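The values are calculated or read from the model by the stated rules, or taken from the named source; none is laboratory data. In this text, all values refer to a predicted model and were calculated from it rather than measured experimentally. As a convention, Cβ positions derive from the backbone with ideal geometry for all residues, glycine included, and neighbour counts pool all protein chains shown. Accessible surface areas use protein heavy atoms only, side chains included; no ligands, DNA or RNA. Shrake-Rupley method; radii C 1.70, N 1.55, O 1.52, S 1.80 Å.
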Amino acid sequence: MPRLSYRKALTRALADEMTRDEAVFLLGEDIRVGASNVTPGLLKRFGPDRVLDTPLSEQAFTSFATGAALAGLRPVVEFQIPSLLFLVFEQIVNHAHKFPMMTGGQCAVPVTYLVPGSGSRTGWAGQHSDHPYSLFAHVGIVTVVPATPADAYGLLASAIRHDDPVVVFAPAGALDVRDDVDFATLAPVPLGRGVVRRAGDDVTVVAVGHLVHDALAVAEELADQVSVEVFDPRTLYPFDIDALVDSVSRTGRLVVVDDSNRSCGIAAEIITSVLERVPLTAPPRRVTRPDGAVLPFAPGLDRAVQPGRAALTAAIHHVTKDCP
């Protein structure tokens, strides 16, 4: 069975969707040369009319994508750096997202915003290392964070086919993950549907994006002490709360690990949504970046600010300390 990297899964999804639908086209900074290593070869294959390098004006080309979508095309906008989403929050949230609702559904804005390398990359420091997915979930934009190559392919394909704006966060920590994948089985993954990556009985760990792999590693390390169920939401909005409630109803305990800032983060929303529906055996815990975190340039400090396996292990021990 061939090996597929997360990064190449994104490339494959873009190529397959561009082949399937001539309305799909790509635009972004330096995408013709594949600066993010996600778009190499696509210019040669699909030509300059469908792979567009843009000027360094994020507001301009994001607005251009909105207009193109209103005209019947399906643009995919690549952002090299997650913090660039702050620059175009107006264009995405106030324009693309709201046009269909403010026109009573008379228009569709099928734009996909792809962020390959979201979160921390070594030495990218404070202005390049954010994970602002909770902002888009808050305003009600479809927000996905794939953890595996198969899901990177499937969720990106579904995002491109969706008739509303979708933000796809591809975490830097997952880009080089490789899995054995039968290419014939690659297919769109439904938006808004989570998955249990590992079954367990004592505690449910919800892990976002690349942290799914850390959660699975911790669960394996603790297998002789605690039975850990690992839940991967895949889509943060809409969130598959029914599947998570089913898991927590069985385990009675909840830990959420999320590589974004603590206050008003997606971890708090997940915990609250569960507490409104399920009585827990022990108080839940969240493992996140600190409040108001700005990641430092120094690698050691960078890693110290991010949630890691040691902190997750401690949280699991804390909620399961009374396990029989």
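For the range 162-269, give me every one of the strands (runs of 3 or more DSSP E) that falls completely inside it and has 3 or more residues that are open to solvent by less than 10 Å² (accessible area, probe 1.4 Å). Before the answer, list the steps.
Values: elements: 166-171, 178-180, 195-198, 203-207, 228-232, 235-237, 254-261.
Where strands (runs of 3 or more DSSP E) fall fully within the range 162-269 and carry at least 3 residues being open to solvent by less than 10 Å² (accessible area, probe 1.4 Å), they are 166-171, 203-207, 228-232, 254-261.
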When you look at residue 292, is it in a helix (DSSP H, G or I) and over 22 Å from residue 200 (Cβ atoms), yes or no?
no
Within the set of pairs 6 or more residues apart or between chains, which connect a residue that is over 23 Å from residue 264 (Cβ atoms) inside the range 278-305 to a residue that is among the charged types (D, E, K, R) and open to solvent by 80 Å² or more (accessible area, probe 1.4 Å) with Cβ atoms less than 9 Å apart?
281/322; 282/321; 282/322
Mind listing just one residue for me: the one in the range 118-161 that is hydroxyl-bearing (Ser, Thr, Tyr) and under 20 Å from residue 240 (Cβ atoms) and, of those, surrounded by the fewest Cβ atoms within 10 Å (Cβ to Cβ)?
134
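Against the definition (at positive phi and touching a residue at least 24 places away in the same chain (Cβ under 8 Å)), how does residue 154 come out, yes or no? Outline the logic, then answer.
Working: at positive phi: no; touching a residue at least 24 places away in the same chain (Cβ under 8 Å): yes.
So residue 154 does not fit the description; no.
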The conditions are (1) at pLDDT 95 or above; (2) closer than 23 Å to residue 144 by Cα, and residue 308 fails exactly one of them. Which is it?
(1)
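Taking residue 159, is it over 19 Å from residue 196 (Cα atoms), part of a strand (DSSP E or B) and either touching a Phe, Trp or Tyr at 6+ places or on another chain (Cβ under 7 Å) or not acidic (Asp, Glu) (or both)? First the steps, then the outcome.
On the way: over 19 Å from residue 196 (Cα atoms): yes; part of a strand (DSSP E or B): no; either touching a Phe, Trp or Tyr at 6+ places or on another chain (Cβ under 7 Å) or not acidic (Asp, Glu) (or both): yes.
Judged against the criteria, residue 159 is not a match.
Taking into account only those residues within the range 31-44 that are assigned to a loop (DSSP other than H, G, I, E, B) and free of Cβ contacts under 8 Å to residues at least 24 places away in the same chain, which is most open to solvent (accessible area, probe 1.4 Å)? Let's see the steps before the verdict.
Filtering the range 31-44 down to residues assigned to a loop (DSSP other than H, G, I, E, B) leaves 31-41.
Retained after the next criterion (residues that are free of Cβ contacts under 8 Å to residues at least 24 places away in the same chain): 32-34.
Working: 32: 85, 33: 112, 34: 5 Å².
It comes out as 33.
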Hey, residue 175 hits all of (1) modelled with pLDDT of 95 or more; (2) touching a helix residue (DSSP H, G or I) at 6+ places or on another chain (Cβ under 6 Å) but one; which does it fall short on?
(1)
I need the full set of residues from the range 4-30 which are assigned to a loop (DSSP other than H, G, I, E, B) and either within 17 Å of residue 175 (Cα to Cα) or at pLDDT 95 or above (or both), in order please.
21, 22, 23
